[in-house]
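Trainee: My questions will all concern the structure given below.
The values are calculated or read from the model by the stated rules, or taken from the named source; none is laboratory data. Since the model is a prediction, treat every value here as computed from it, not as a measurement. So basically every Cβ, Gly included, is an ideal-geometry build from the backbone, and we count neighbours across all protein chains shown. Note: areas computed on protein heavy atoms with side chains; ligands, DNA, RNA excluded. Shrake-Rupley method; radii C 1.70, N 1.55, O 1.52, S 1.80 Å.
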Amino acid sequence: KETLYIGGLFGLDTARGGWSSAGIIPAVQMAIDDINNSSECLKDYHLELLIKDSQCSVGEAVRRSLEYISYGKPKIMFFGPGCSKASIPVAEAIHYWNIVQMGFSGSSPLLSSKSLYPLYFRTNPSETFANLGRIAILRRFNWKRVAILQQNNDVFTGISNSLVELLEAANFSVIAYESFKDHPRFAIENLENKDARIIFAFFYPDQYYVTFCEAYKQGMYGPKYVWVLISGRNQANWWKQQSHLGDCTPEQVRKGLSNNIGTGELKLSPLPGPTICGRTPQELYNSYQLRLKESGYSENTFASYGYDAAWACALTLNASIEVLRQQNLTLSDFTYSQANMSKIFVEIMKGISFRGMTGQVKFDSKHDRISKLEVRQIQGDTERRVGFYDMETGSYEDNGDGDYLWDGGKVPVDGLYIVRKSDDVHPILFWFAFTTSTLGVIMAVVFLIFNIYHQNVRYIKMSSPNLNNLIILGCILVYVSGVLFGLDKGVYCTGCQVEIWFLAIGFSLGFGAMFSKTWRVHVIFLKCNNNKRVIIRDHQLFGMVAVLLLIDFIILITWQLVDPLTTTDYNLTLEISPDYDTAIQRFTTTCTSKHISIWQAIMFGYKGLLLLFGAYLAWETRKVHIAALNDSKMIGLSVYNVIIPCALVIPIVGLVHDRPTTQFALTSFLTIFCTTFTLCFVFVPKMLFLRKEDGNCIPTVSGSIGVLVTPTNLNSPRKPEESVKNAGEGTES
Ligand SMILES: NCCCC(=O)O
């Protein structure tokens, strides 16, 4: 028999970190023996597996590969290395020597790239499929927010990147993605800060102890957390055997691991019946156990994949004998310059299908294995299978040795589930303000009817009924705006600026009319000192109100165009449940714009100046009694009645913006109090007067008032007809 050499690379000495694939060697050796004893497979050849230690290290793997290539007989195929980290550089290089490479445990998604690694095959599935299985688990438990913690190297970056892509495509949210090189302390701290609960953990076994020790130390364990692991990479009860790796006790590390779940490759085929060699998977496993004992290595989950990998190589070589014969070649003719031969091997290997120790062995277009995954959970000290993921059908099923078991007795949630609750104005207060404002509006309408009905009665005529109508109209708008402030902005979302328009215009109409009337008294009072005749017509006062309105319109329209008001939710308190699973986020919906404070400053500045000036005029004219302007005193009082509450309450309103009910109580107090008292001050005396006396006994002024006042008639109550020297369209009478 001709000997065919296979260059085996296994990670034996992993003292410097990485993953040991030593436990796979007995299974591969067993397969090689089975093949050599087979009467059908490679019957004219003898396979010999050479073994070199790649140490799960890039440098060692490259060095050992070059040794294989440089010395001794050609190696017809390469086998391994065990870990992806070492497999990647080897796979990237050896296709230049036309060597087909067979992996059995390297699971990095990067190895699926056939442009980089054209001659690389593997009998174990890629982590890309495992990632699909992981997503199936997320769906199973309705987890939508996940985080990733990975050891910083190409293998785990490849797995994480592939997972992130799949998660994003499936609308999951990756709330944190942390990696670490030497110690996971800060990465875990960041995960905790981001309230990560479902955490994918990708690292080599030597990092398990230190990571879960750190999770324990930082309190990141218990019913809140689930660690999604790559299963089957570590020994059973590893936390009991690795205490030299960290400063926690094994019990603390096990606590740190708390809830866990993992996907891992099937150890043994679930298919019934014998495998390619005639023995069942269980029989092969039993033989493997015997060889393992002899070898002194620890059991490796990927041993069965190693067994199948050897068979895949042998069957490929066997099938190529005939093809090569047609080209007058034999397997012994293989050299590193035989590109033709490696092409034949690849084509044949792509098409093989046989029943192996891990199930039906066949490869997809990327030379990756398609098989089933197990979902496992470490429950207490025992790792149990709790489900299956079938890569071919993409389906997940709970079908394990036991049910899922969770710390705390219930399935953890993927984050704080926040229920948003609108914290709007208390309905009792709203309806109280609504009713009061409605009564106020009704009262205003009654005053309006009264004012219009009696507008030709001298007493009413002298008080400028048209300006009084403006006061009423302004008050109605302020009443309405007060109610609009208390409406639920979530419902009443369009045009939330209406309330501000109503308030601004209502204020200008009502206060503007009062202000202009006070101004008239003030001018008369001033001029009278100079014994001058004063004629101030109503339309001049209307003009003043119009100017005020114009300023309002300019500000409001500019505001609306430059920085429109919209409804915005403003978060209030967050009440978290004791189990940290749910919370109530109270919020209020406000009508605001980007630069609201600037616009408020402009509005308050403008209205404030007006109020100050109004206060000054009211103070100056406090003792003036001009009978022709018979409501001047009441108007002055109304001005105070607006100024003082506004000055007291508006600053407080700004302070309680996070308490909608208090804020509404204050604003509605202002609007209702100021408008009601203004209306009553101005109109109740008129009603009372008309009830008592005949209003027509007062001298008539029509539309405007001209008054000649001398200092002597100030401060001394007189009969109206004594004070008025001039009335009627500005003509002295
Ligand atoms: N798949 C087990 C070893 C991890 C790796 O792919 O490097």
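Trainee: On average, how much accessible surface per residue is there in the chain, in Å², for a 1.4 Å probe, leaving out ligands, DNA and RNA?
Mentor: Spelled out: the 1.4 Å probe surface of the chain, per residue, equals 43 Å².
Trainee: Using a 1.4 Å probe over the heavy atoms of the protein chains, calculate the carbon and sulfur portion of the accessible area of the chain as a whole percent. Could the numbers behind the result be given before it?
Mentor: Working: 18280 of 31520 Å².
Carbon and sulfur atoms account for 58 percent of the accessible area of the chain.
Trainee: Follow-up. Please go through the residue pairs K52/K293; K75/K343; K194/K594; K85/K224; K144/K255; K144/K194 and name each one whose alpha carbons sit more than 23 Å apart in this structure.
Mentor: Values: K52/K293 21 Å; K75/K343 16 Å; K194/K594 28 Å; K85/K224 33 Å; K144/K255 25 Å; K144/K194 15 Å.
Flagged as over cut-off: K194/K594; K85/K224; K144/K255.
Trainee: Taking amide hydrogens as modeled 1.01 Å from N in the peptide plane, which residues meet the under 5 Å criterion relative to I198, leaving out close sequence neighbours?
Mentor: A147, V226
Trainee: Give me the base-10 log of I(q)/I(0) for region 239-316 at each q in 0.11, 0.21 Å⁻¹, Debye formula, one uniform scatterer per Cα, rounded to two decimals.
Mentor: -0.48, -1.01
Trainee: Where does region 204-284 land on Rg/Rh, using Cα atoms and the Kirkwood Rh? List each step's numbers first, then the result.
Mentor: Numbers: Rg = 16.9 Å, Rh = 14.5 Å.
Dividing the radius of gyration by the Kirkwood radius yields 1.17.
Trainee: With only Lys, Arg, Asp and Glu charged, each at its Cβ (+1 for the first two, -1 for the last two), find how big the charge dipole of region 1-134 is about the Cα centre; round to the nearest 20 debye.
Mentor: Values: 12 positive and 12 negative charges, 72 e Å.
Computed about the Cα centre, the dipole is about 340 debye.
Trainee: If the viscosity is 1.002 mPa s and the temperature 20 °C, what translational diffusion coefficient in µm²/s does Stokes-Einstein give for region 118-168 when Rh comes from Kirkwood over Cα pairs?
Mentor: 176
Trainee: Within a Cβ distance under 11 Å of Q360, other residues only, what is the Lys/Arg minus Asp/Glu net charge? It would help to have the intermediate numbers written out before the result.
Mentor: Numbers: positive: R355, K362, R369, K372; negative: D308, E392.
So the environment of Q360 carries a net charge of +2.
Trainee: Can you compute the modelled spin-label distance between K73 and I555, with each label point 7 Å from Cα toward Cβ, in nm?
Mentor: About 9.9 nm, to one decimal.
Trainee: Full-extension gain between R659 and K594, please, as 0.36 nm times their residue separation minus the C-alpha to C-alpha distance.
Mentor: Details: separation 65, 0.36 × 65 = 23.40 nm, distance 2.08 nm.
So the chain would gain 21.3 nm between R659 and K594.
Trainee: Using r as the Cβ-Cβ distance of E168 and V445, and R0 as 60 Å, what FRET efficiency do you calculate, to the nearest 0.05? Kindly include the intermediate steps, with their values, before the conclusion.
Mentor: On the way: r = 61 Å, r/R0 = 1.02.
Using R0 = 60 Å, I get an efficiency of 0.45.
Trainee: Another question about this same structure. Helix 498-528 against the longest principal axis of the chain: what's the angle in degrees, Cα atoms only, rounded to the nearest 10?
Mentor: The two axes meet at around 30 degrees.
Trainee: How large is the convex hull of the Cα atoms of region 320-435 per residue, expressed in Å³ as a whole number?
Mentor: Details: hull volume 33.4 nm³, N = 116.
Per-residue hull volume (Cα only) is 288 Å³.
Trainee: Still on this model: Keeping all protein chains in place and using 1.4 angstrom, which order do D34, D13, D563 fall into by accessible surface area, from largest down? Intermediate values should be presented prior to the final figure.
Mentor: Details: D34 30, D13 75, D563 10 Å².
I get D13, D34, D563, largest accessible area first.
Trainee: Rounded to the nearest whole Å³, what is the per residue volume of the convex hull around the Cα atoms of the chain? Walk me through the intermediate numbers first.
Mentor: Details: hull volume 157.2 nm³, N = 733.
Convex hull of Cα atoms, per residue: 214 Å³.
Trainee: Can I ask one more? Relative to a virtual label point 7 Å from the Cα of S39 in the Cα→beta-carbon direction, which members of region 316-354 show backbone nitrogen distances below 20 Å?
Mentor: 318-319
Trainee: Summing Lys, Arg as +1 and Asp, Glu as -1, what charge do residues with Cβ under 14 Å from the Cβ of A215 carry, A215 excluded? Please list the in-between numbers first.
Mentor: Values: positive: R185, R197, K217, K224, R254, K255; negative: E178, E189, E192, E214, D247, E251, D407.
Charge balance near A215 sits at -1.
Trainee: A further question follows. For a quick check: with amide H placed at 1.01 Å from N, whose amide H comes under 5 Å from Y570's, ignoring anything fewer than 5 positions away on the same chain?
Mentor: Those qualifying (amide H under 5 Å, at least 5 residues apart or on another chain) are T588, T589, T590.
Trainee: So, one more: Among P685, S508, L329, pick out the residue whose Cα is farthest towards the positive end of the charge dipole of the chain, where Lys and Arg carry +1 and Asp and Glu carry -1 on C-beta, about the Cα centre.
Mentor: Value: P685.
Trainee: Same structure again: Name the lysines eligible as straight-distance cross-link partners of K461: C-alpha to C-alpha under 18 Å, and not fewer than 8 places from it in the same chain.
Mentor: K517, K633, K686, K692, K719, K725
Trainee: Can you give the angle from 0 to 90° between the axis of helix 596-620 and the longest principal axis of the chain, with both taken from C-alpha atoms, to the nearest 10?
Mentor: Long axis of 596-620 versus the principal axis of the chain: about 20 degrees.
Trainee: Can you work out the FRET efficiency for the pair Q289 and S422, with r the C-beta to C-beta distance and R0 = 56 Å, to the nearest 0.05?
Mentor: Details: r = 65 Å, r/R0 = 1.16.
About 0.30, to the nearest 0.05.
Trainee: So what is log10(I(q)/I(0)) for region 246-376 at q = 0.09, 0.12, 0.16, 0.18 1/Å, when the Debye sum runs over its Cα atoms only?
Mentor: -0.41, -0.65, -0.94, -1.05
Trainee: Taking H placed 1.01 Å from N in the peptide plane, check which residues at least 5 places from Y177 or on another chain put their amide H under 5 Å from its amide H.
Mentor: Long-range HN contacts for Y177: I148.
Trainee: Now for a different question. Got a sec? Charge dipole of the chain, +1 on Cβ for Lys and Arg, -1 for Asp and Glu; which of F10, A176, G278 is way out at the positive end?
Mentor: So the residue we want is A176.
Trainee: Calculate the dipole size of region 368-509 relative to its Cα centre from +1 charges on Lys and Arg beta carbons and -1 charges on Asp and Glu beta carbons; express the result in debye to the nearest 20.
Mentor: My answer is approximately 1540 debye.
Trainee: Right, next: Using a Förster distance of 51 Å, how high is the FRET efficiency between Q282 and L574, based on the Cβ-Cβ distance and rounded to 0.05? Please list the in-between numbers first.
Mentor: On the way: r = 56 Å, r/R0 = 1.09.
Plugging the Cβ-Cβ distance into 1/(1 + (r/R0)^6) gives 0.35.
Trainee: Right, here's the next one. Counting Lys +1, Arg +1, Asp -1, Glu -1, what net charge surrounds D333 among other residues with beta carbon under 13 Å of its beta carbon? Can you show the working numbers first?
Mentor: On the way: positive: K73, R325; negative: E2.
Value of the local net charge: +1.
Trainee: Treating the beta-carbon of each Lys and Arg as +1 and of each Asp and Glu as -1, no other charges, what is the dipole magnitude of region 167-276 about its Cα centre, to the nearest 20 debye? Before the final figure, lay out each step's value.
Mentor: Values: 11 positive and 11 negative charges, 59 e Å.
Value, rounded to 20: 280 debye.
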